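Here the structure is laid out as structure tokens; the discussion comes afterwards.
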Amino acid sequence: MQSIKERSRPVTATTQPDPVPDLAGAWRGRLVDAFGNAESFNLQRDSTDHRLPGQFQLFSTPDGLVAGARLLEASQRTCVVLIGPYLDPGAGIPVVTVLEGAHCEGSMEGTFHTRRHGDRETVRMGHFTATRIGSVTRAA
């Protein structure tokens, strides 16, 4: 039986590296849905912004769509990013998009699905790829 002193020892941090810094920077990507429709996107995360841990500051498309994005899970090789809610320009409804994929040395690849916000109905799904294009720059 463990003594109270043994049970109250502080838990030490693991020696695994933090994967979140590997996801920092500006990313340029492409979504290709199940019907072959393709859309470009940008994703930005500043690793020095400790106010919002795990937060990507910006998801945007060339068509003017801008939405917040949050890093839900990250490991040394995988990540899950929640984008939105935002108004889907094609469907005219509020949606969220989830990117689930692997990351390695400045690239990400995986699947995505877009659902109605507050609902489980999938309105779009497919594959995505993204490449880190540099560090995040902030306007003066």
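A few notes on this one:
- Each residue in Ser60, Ser40 was given a count of other beta-carbon atoms within 10 angstrom of its own, and listing them fewest first yields Ser40, Ser60.
- Approximating the spin labels as points 7 Å out from Cα along Cα→Cβ, the Ala38-to-Glu105 distance works out to 2.4 nm.
- Residue order for Val95, Val66, Val32, fewest other beta carbons within 10 angstrom first, comes to Val66, Val32, Val95.
- The calculated FRET efficiency for the pair Arg28 and Ile93, based on their C-beta separation and a Förster distance of 25 Å, comes to about 0.40.
- Rel. contact order, % - alpha carbon contacts under 8 angstrom, at least six apart, the range 22-132: 23
- Each residue, Thr129 and His113, gets one label point 7 Å from its Cα in the Cβ direction; the gap between the two is 2.4 nm.
- The largest-to-smallest principal axis extents of the Cα set in the range 22-132 are 36, 28, 26 Å.
- Over all other residues within a Cβ to Cβ distance under 15 Å of Met108, the charged ones net out to 0, with Lys and Arg as +1 and Asp and Glu as -1.
- Net charge, Val80 excluded, C-beta distance under 10 Å - Lys, Arg +1, Asp, Glu -1: -1
Read-outs throughout are calculated quantities, based only on the coordinates presented, and are distinct from any laboratory measurement. Values in this document were obtained by computation on a predicted structure and should not be read as measured data. Please note: Cβ atoms are built from the backbone with ideal geometry, for glycine as well, and neighbour counts cover all protein chains shown.
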